[in-house]
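What follows is a short report on a single structure.
The values are calculated or read from the model by the stated rules, or taken from the named source; none is laboratory data. Quantities reported herein were computed from a predicted structural model and do not represent experimental measurements. Here the Cβ is made from the backbone with ideal geometry for all residues, glycine too, and neighbour counts use every protein chain on show. To get the accessible areas, we keep the full protein, side chains included, count just its heavy atoms, and leave off ligands, DNA and RNA. Shrake-Rupley method; radii C 1.70, N 1.55, O 1.52, S 1.80 Å.
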Amino acid sequence: MTVGHALLGLLEGGPAHGYDLKRSYDERFGQDRPLAYGQVYSTLARLLKNGLVEVEAEPGAGPERKKYAITQAGVSDVAAWLAQPEKPEPYLQSTLYTKVVLALLTGHDADDLLDTQRAEHLRLMRDLTRRRDTGDLADQLICDHALFHLEADLRWLEVTAARVQQLAAQVRG
Amino acid sequence: MRRWLTDLSLGVRLSVGGGRSGWARLALIADGVGLGVTMLLVAASIPPVLDARTDRAAARSVESGQTLTPGAPTLLTAEVRSVFHDAAINGRLLQPESDDAPLPPGVTRQLAPGDVVLSPALERLLASDDGAALRGRWGDRVVGTIGAEGLAGAGELTFYLGTDRLTDETANRIQSFGGATTPEEGLSPVLMLLALVGIVVLLLPVAIFVSTAVRFGSESRDRRLAAVRLVGADVGATRRIAAGETLAAAVLGLAVGGLLYLAVRQTAGYLVPGNLSFYPADFRPVPALAALVVVLVPVTTVLVTLSALRQVLVEPLGVVRRGSERRRRLWWRLVFPVLGLVLLHPLVTGLDDALGTQVMIVAGLVLLLTGVALVLPWLVEATVRRLGPGGVAWDLAVRRLQLDSDTAVRAVSGIAVSVAGLIALQGLVGAIGALTAGSQADTSTYQASVLDISGGAGADEVWARELAQARGVTAVGTLTSVWAAPDGPSGGSGGADDEGLLIDSGTCEVLAQEAQLDSCADGDVFVVLPDGATAPAPGSEFLLGGSRQGGSDDGGDGAGAGALAPWTLPASAKEVAPPEGGVTALNGGGPPRILVTPGALDGASLEPMSVTTYVALDPAEPDALDHLRTAAAQVDPVAYASPIEQRGISAALGGIRQVLLVGTVALLVMIGASMLVNVVEQLRERRRLLAVLVAFGTRQRTLSGSVLFQVAIPVVLGLALAVVTGSVLALALQVAVQAPLRFDWVGVGTTSGAAALVVLLTTAAGLPLLWRLTRPEGLRSE
Amino acid sequence: MADEPLLIAENLQLSFGSTTALEHATAEVHAGEVLALMGPSGSGKSTLLHCMAGILLPDAGRVTYAGRDLTAMHDDERSALRRTEFGFVFQFGQLVPELTCLENVALPLRLGGASRRAALRSAEAWLERLEVSDVAGKRPGQASGGQGQRVAVARALVTRPKVVFADEPTGALDTVNGDRVMQLFVAAARDTGAAVVLVTHEPRVAAHSDREAVVRDGRVRQQELVR
Ligand SMILES: Nc1ncnc2c1ncn2[C@@H]1O[C@H](COP(=O)(O)OP(=O)(O)OP(=O)(O)O)[C@@H](O)[C@H]1O
Ligand SMILES: [Mg+2]
C-alpha cells in the first residue's frame, strides 16, 4: 500500500504530527491530488495497529497533537518495500516516483532500486521478445506495444533517478 | 573585399585554433613549404656566390704581357698548378723586385725566397695525417696564412711561394694585382646544357613538393569546411577560408624556410668541394629572386589549394570527391611530354647558345618532367585496375589504390620527377666524363710524367736523378724536346716546316709513350704524323737547340754556348701514328713531330727546350703519385706532374658530381619527408579502421605489409616511368654533347635504388605510428 | 549454467591517467549465453568489453577464456585467439571501405589462412543468411547503415567464433532495422552456439539477452541477489 509506505518513509526523517505528515506528503507526492486529512489518520491508525509506528505522548495533548514516530519494524518494512520491484505494468510512474524519492529520503540507493526494477522489467521484456519473434502478426503487434511501454518506463525511471540524484542534497536538506 | 578579408582571417583563425591536430597540420605544411622555400632561396643565392668568387679571383689576377721595367715596385710571378689526390692546388710564385712590390690580396708581407703563405684549407690539409705526401712540396717555411679577401672561398687550396728563380721568360712582371681582363668567355654549350638541366631537375621537384605539402591534411580540412558550410557559409566563402588557412601555413613556411636557409648558409660552403667553396657572407639570395620567392610561394600555395578544392564538393553534410568514379584519360596527359620532346629537338639537331634555344630546352625539360607527374596517376590507375588478387595484405593495398590512388600518387610523383631528372643529369655528366676521360694512354711502362717547360742545359739529368729518389718511384726515363729550326735551302723555301718543329729524343721505352712504334732500336728516327699533316721531306736539314721565338734572329746568342747543331732527317725515318688516346689524338691535327733515339743524334749535347720525365710508380705505394709531385715541386715548383692516365677534366667533373650528389641527397631528404607525412596522414585517417582490424586479430605483419604494398606499388610504377623517361632524356642529352651513347646501368640503379630505399625507410619510420594507432584507443569514436 | 563459465573477468582494474575506467569489475559468460552489459554512458562498458576480448590489458585482475589466462598471453597469441575464437561487431566504421561487402565478410577467414575462394563461398552464405545478398558486390559506402551492420554481423560470425563481442551494434540504426539486426544476430549466434557479450543502453536490445549485468562507475552490479 503506497500511502502507508510513503508516510512511513517520511517518518524515517524524524517524528512528526499527523498534520505535518499530510503537508510533507502533499508537497512531494500530492501534485494536484492532495491527501485527505481523514485518510492520513486512518492510515496512521492502521500502521499503529501493525506496530510500524508508535505515538510519542505529549503532555496535555488532544488527538491532533499526537506525534508519530517510526518503529524498527516500520524501518524494515520500508526497506523491504523499496527492494521489492514493482510488477512491470503500464502507468507505474506514481509508484516508481514515490519509491525513488523515498529511497533518497531514507538514504537508500536509488541506483539499486533502478537496477532491481530494470531486472524485473527485462525479465518480462525477454518473454515478450521471445513471443514476438516466434508469434504471428497479432502477437508481434501486441508484444511490440508492451515492449515500447516497458522500455519507456525504464527510461523514465533512469532519467528520474539521475535527476533526483542531482537534487538529492536539496531534498535531504 | 571586406568579405574576402573576413573569410581569410577566419581561415587563419581556424587553422591556428584547430587544437593540436590543427597545429600539427599547420606545422606540416609550414615545414614542407619551408623546405621548398629553402631550396629556392639556395638556388637564388648561387649567382651572388659565383659573382663574389669571380670578384675575388679577379682581384688577385695577373695581367700578362705588360712591358714594365724591373726595379720599380714590380714583381715577377708565375702560376703553379698542382694536384693532391683529386684536388687541384693552384698557387703562385712571387719574386718581389723591390720592397714596395705589390702584395696579392690577403697577403700582408713580402715573401723572401722559400717563404710560403698558405690558405687555411691548405694549411689544415698539410697538418692532417692525410697530407703526409704533400709536406715539403713548397718548402716548409710557412710564414702566414692568406686572408679571406685573397681567396675565392673558405675551402680553396692555394698558396704563395717566394722565390728568386723567376726570369722574364718564365714569369710575368706586374705592378699590381688584379685588372687582368679575363676574356668574356661564354659558357660552352655543353656546360650551359648541364647547368640548365641541373637547375630544372633540382627545382621542379621542389615545386611538386611544395604543392604536395599544401595538401597535407586536406581531408580533415575539408571536413572542417563542411562543418562551416553547415552553419551557413557558401561555396565561395569556404574557398576563401581554405585560402586563408593555406596562407597562414605558407607564411609560417616562409619563416621556416628563412631559418633553414640561414642554417644552410652557415654550412653550405663546406659541403661543396674545396675549389667551389665560398664564404657564408657570399651566400645571399639575389634580392629580386628572393622577393619573387616571398611573393610567389604563398600565391602558388593558395592557387594549389583552390585548384585542389575544385576536385571536391564541400557540402554541408560532408565532402564529395568529384570524378573519383571517372576514369582518367591518357591523351591530354601525353600532350605535355610530347610537347616537351618536340621542344627538346635542338638537342639532336644541334646546340647553340642562343637565348631561344635555352628557353626551348628549359621549357621542354619542364614539360617532359611535368609529363611524368601527369602520366603517373593514369599509369597507376590503369595498372592497379588490372592487378590480380594475392595475399590479404596485397589485396587490401590493391583495393585501396583502386578506390583512391590520388593521395599515394601525389607523394610519388615528386619521386618520379626527381629520379627521372637525376637519371638524365647523371647520364649527361657521365657522358661528358666519358668524352674527356676517354684517353687510353699506355700506362704499362710509365704511369706518370713530369713536364718541365723551362728546360735548360742538363735539366734532363737533374730530373732523372731527383725523381728517381722520390718515394714510390721505380724507374725514370726522360724525353727531351729540342727546337729544330729549318736550315739551308729546303728550310728557306717555305713549306710545312717553315716554322720549325719539335724533335723529341728519348729511349725506345720513352718514345713508345709518344707514338705507336712497331719496332724500335737505338739510332732509329720516327716521324709522327697526325691526321692531315704532311711529313717533312727526308733529307731536310735542321738547326737543333734554338728557341722558338728566337728563330734565326737571335739563334746565335739566345741559345748560348754555341750549342746549335745541324741535323738532317735521315731517309730511314719511319712514319708512325700518334699514340692511341693521346692528347694529340683527341685534339686531332697538329704539326708533325720527329722522335729520335739518342743514337740518332750522334751524341750531340743540346740544351733542351723542355723535358718530360716519365716515371714508373710502385703500385704498392698508395701515395706514390703525390710523393712524385712533391719531389718534382722541390726541383721546380712550376713543373707539372701528372698521371699519364688523363684525369684532369674528370677531376673537375668530380666537383660537379659532388654538387649533384648534395643536390640529390637534398632531394631525397625532401622526398623522404613528404613520403613520411603522406604515410602518417593516411594512417591517421584510417585509425579507427586499423584498430578494428587489430581487434579482429589481424597480424601486424599483414597490416604493415598492406601499408608497404600501398606505398610500394605506386613507387615502383613511378620509378619505372622515371627510368624510362630519364634514360630517353639522357640519350638525347648524350646526342646533344656528341658523346658515345651509353646506358648508365650503375647510375640508374643507384639513383632509383636510393629513392626506393628512402621510400622504404620512411615508410618503415611510419610503422611505429601504425602500432600506436592500432591500439584500442582507436576504437573509440572521435 | 552449472558448468564452468567460458569467459571470466575477475577483479579487473584499469585506469586511463587519472580516470578510473574499471574498478574490481567482475563478469562471466557461459558458452552459448547472451550477456547484456548495460549502464550509463562512461561507466566502463566498452572498456570492460575490450578487456574481456583481450584487446585491452587490465592493470590488475585476470581474464580467463576456456581456462587460459588472457592477461598472461603474448600479444601475438591474443591476436590469434581473437582471430579464431572471437568475433566483433561495433557501432559503425568497422568495414574496410575499399573492399566489397562480400570481401569484408571473407576477410576474417582469409586472415585465418583460408583460401580466397573458400572464404568467399562461406561469406556468400552468411550474407544470404543475414538477408543482405544484394549488397555483396557493393562497397560499404554504397550500402545503408542497416545493411552495413548486417554485413558486420556476418563478418563477426563467419569464422564460427565461440564468443562474439558487440558494442552497441544497433546504436546507429532505427528501431525497425535495429530490431531486425538483433533478431538475425542473436538467432545466428544461438545457431552456431556462440556466446555473445552485448553492450547496449537500450532495454529492447538487452531484451534479446539471457542475462544482463549493469556497469556503474567501473563496477559490475550483480543481480543474483534479487533473483
Ligand atoms: N583511451 C582512453 N583514454 C582516456 N580515458 C578513457 C579511455 N578509454 C576510456 N576512458 C574513460 O574510461 C571511462 C569508461 O569509458 P567507456 O568507453 O568504457 O564507457 P562506456 O560505458 O562504453 O560509455 P558509452 O556508453 O558512452 O560508450 C570513461 O570515463 C572514459 O572517459
Ligand atoms: Mg562505449
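Return yes or no: is B:Ser98 open to solvent by 20 Å² or more (accessible area, probe 1.4 Å), in a loop (DSSP other than H, G, I, E, B) and closer than 30 Å to B:Leu134 by Cβ? Let's see the steps before the verdict.
On the way: open to solvent by 20 Å² or more (accessible area, probe 1.4 Å): yes; in a loop (DSSP other than H, G, I, E, B): yes; closer than 30 Å to B:Leu134 by Cβ: no.
So B:Ser98 fails the test.
Among the residues of the stretch C:12-24, write down those that are free of Cβ contacts under 8 Å to residues at least 40 places away in the same chain and either more than 16 Å from ligand 2 (Cβ to nearest atom) or touching a Cys at 6+ places or on another chain (Cβ under 6 Å) (or both).
Result: C:Gly17, C:Ser18.
Sort through B:Gly726, B:Gly705, B:Gly718 and tell me the only one that's farther than 19 Å from B:Thr407 by Cα and in contact with a helix residue (DSSP H, G or I) (Cβ under 7 Å, 6 or more places away or on another chain). Show your work before the answer.
On the way: B:Gly705 fails: farther than 19 Å from B:Thr407 by Cα; B:Gly718 fails: farther than 19 Å from B:Thr407 by Cα.
Answer to the selection: B:Gly726.
Going residue by residue through the stretch C:198-209, is there one that turns out to be more than 9 Å from chain A (Cβ to nearest Cβ) and among the small types (Gly, Ala, Ser)?
no
Can you pull out the strands (runs of 3 or more DSSP E) entirely within the stretch C:25-142 that have at least 2 residues that are away from chain B (no Cβ under 13 Å), within 16 Å of ligand 2 (Cβ to nearest atom) and crowded, with 22+ Cβ neighbours inside 10 Å?
C:34-38
Being part of a strand (DSSP E or B), within 11 Å of ligand 1 (Cβ to nearest atom) and open to solvent by 30 Å² or more (accessible area, probe 1.4 Å) is the filter here, so list the residues in the stretch C:1-22 that pass it.
Quick first cut of the stretch C:1-22, residues part of a strand (DSSP E or B) only: C:7-16, C:19-22.
Retained after the next criterion (residues that are within 11 Å of ligand 1 (Cβ to nearest atom)): C:14-16, C:19-22.
Hits for the stretch C:1-22 are C:Ser15, C:Phe16, C:Thr19, C:Thr20.
If you go through the stretch B:72-79 one residue at a time, do you hit one that is closer than 30 Å to B:His627 by Cβ and over 31 Å from the mean Cα position of the chain (by Cα)?
Checked the stretch B:72-79: at least one residue is closer than 30 Å to B:His627 by Cβ and over 31 Å from the mean Cα position of the chain (by Cα).
Of the numbered conditions (1) open to solvent by 40 Å² or more (accessible area, probe 1.4 Å); (2) modelled with pLDDT under 80, B:Val312 satisfies every one except a single condition; which is it?
Only one criterion is unmet by B:Val312, namely (1).
On the basis of being part of a helix (DSSP H, G or I), surrounded by fewer than 22 Cβ atoms within 10 Å (Cβ to Cβ) and among the β-branched types (Val, Ile, Thr), does B:Thr108 make the cut?
When the stated conditions are applied, B:Thr108 does not pass them.
List the pairs whose first member sits in the stretch A:140-151 and is more than 10 Å from chain C (Cβ to nearest Cβ) and under 17 Å from A:Lys87 (Cα atoms), whose second member is open to solvent by 40 Å² or more (accessible area, probe 1.4 Å) and aliphatic (A, V, I, L, M), and whose Cβ atoms are under 7 Å apart, counting only residues at least 6 apart or on separate chains?
none
Considering each residue of the stretch C:145-190, count those that are within 14 Å of chain A (Cβ to nearest Cβ) and open to solvent by 30 Å² or more (accessible area, probe 1.4 Å), and give that number. Working first, answer last.
Step one: list which residues in the stretch C:145-190 are within 14 Å of chain A (Cβ to nearest Cβ), which gives C:170, C:174-176, C:178-190.
Applying the additional criterion that residues be open to solvent by 30 Å² or more (accessible area, probe 1.4 Å) yields C:174-176, C:180, C:183, C:187, C:190.
So the answer is 7.
Which of the residues belonging to the stretch A:121-139 are within 11 Å of another protein chain (Cβ to nearest Cβ) and open to solvent by less than 70 Å² (accessible area, probe 1.4 Å)?
A:His121, A:Leu122, A:Leu124, A:Met125, A:Arg126, A:Leu128, A:Thr129, A:Arg132, A:Asp133
Exactly one of these conditions fails for B:Gly551: (1) at pLDDT 80 or above; (2) over 25 Å from B:Tyr614 (Cβ atoms); (3) open to solvent by less than 60 Å² (accessible area, probe 1.4 Å). Give me its number.
Checking B:Gly551 against (1) at pLDDT 80 or above; (2) over 25 Å from B:Tyr614 (Cβ atoms); (3) open to solvent by less than 60 Å² (accessible area, probe 1.4 Å), the one that fails is (1).
Among the residues of the stretch B:382-427, count how many are closer than 29 Å to B:Leu203 by Cβ and within 14 Å of chain C (Cβ to nearest Cβ).
Here the count works out to 4.
Which ones in the stretch B:732-754 are part of a helix (DSSP H, G or I), touching a helix residue (DSSP H, G or I) at 6+ places or on another chain (Cβ under 7 Å) and aliphatic (A, V, I, L, M)?
If the condition is that a residue be part of a helix (DSSP H, G or I), touching a helix residue (DSSP H, G or I) at 6+ places or on another chain (Cβ under 7 Å) and aliphatic (A, V, I, L, M), then B:Ala732, B:Leu733, B:Val735, B:Ala736, B:Val748, B:Ala754 are the ones that fit.
Of (1) out of contact with any strand residue (DSSP E or B) (no Cβ under 8 Å at 6 or more places or on another chain); (2) hydrophobic (A, V, I, L, M, F, W, C); (3) surrounded by fewer than 21 Cβ atoms within 10 Å (Cβ to Cβ), B:Leu40 satisfies all except one. Which?
(3)
Count, please, the residues in the stretch B:226-241 that happen to be closer than 14 Å to B:Trp4 by Cβ and of a type in the set (Val, Ile, Thr).
Summing the residues that are closer than 14 Å to B:Trp4 by Cβ and of a type in the set (Val, Ile, Thr) in the stretch B:226-241 gives 2.
Table: residues versus (1) at negative phi; (2) more than 16 Å from ligand 2 (Cβ to nearest atom); (3) open to solvent by 20 Å² or more (accessible area, probe 1.4 Å); (4) among the hydrophobic types (A, V, I, L, M, F, W, C).
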position	(1), (2), (3), (4)
C:Ala195	yes, yes, no, yes
C:His201	yes, no, yes, no
C:Ala206	yes, no, no, yes
C:Arg221	yes, yes, yes, no
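Conditions tested, residue by residue: (1) more than 8 Å from ligand 1 (Cβ to nearest atom); (2) closer than 19 Å to B:Ala691 by Cα.
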position	(1), (2)
C:Ala31	yes, no
C:Gly39	no, no
C:Leu56	yes, yes
C:Asp59	yes, no
C:Gly67	yes, no
C:Arg78	yes, yes
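Just a yes or no: is a residue in the stretch B:27-46 at pLDDT below 80 and more than 25 Å from the chain's Cα centre (by Cα)?
yes
Within the group C:Thr175, C:Thr192, which residue is free of Cβ contacts under 8 Å to residues at least 40 places away in the same chain and within 15 Å of the chain's Cα centre (by Cα)?
C:Thr192
Condition check: in contact with a helix residue (DSSP H, G or I) (Cβ under 9 Å, 6 or more places away or on another chain), within 15 Å of ligand 1 (Cβ to nearest atom) and not acidic (Asp, Glu). Does C:Met52 satisfy that? Even if it seems obvious, please write down each step before you answer.
Working: in contact with a helix residue (DSSP H, G or I) (Cβ under 9 Å, 6 or more places away or on another chain): yes; within 15 Å of ligand 1 (Cβ to nearest atom): yes; not acidic (Asp, Glu): yes.
It is true that C:Met52 is in contact with a helix residue (DSSP H, G or I) (Cβ under 9 Å, 6 or more places away or on another chain), within 15 Å of ligand 1 (Cβ to nearest atom) and not acidic (Asp, Glu).
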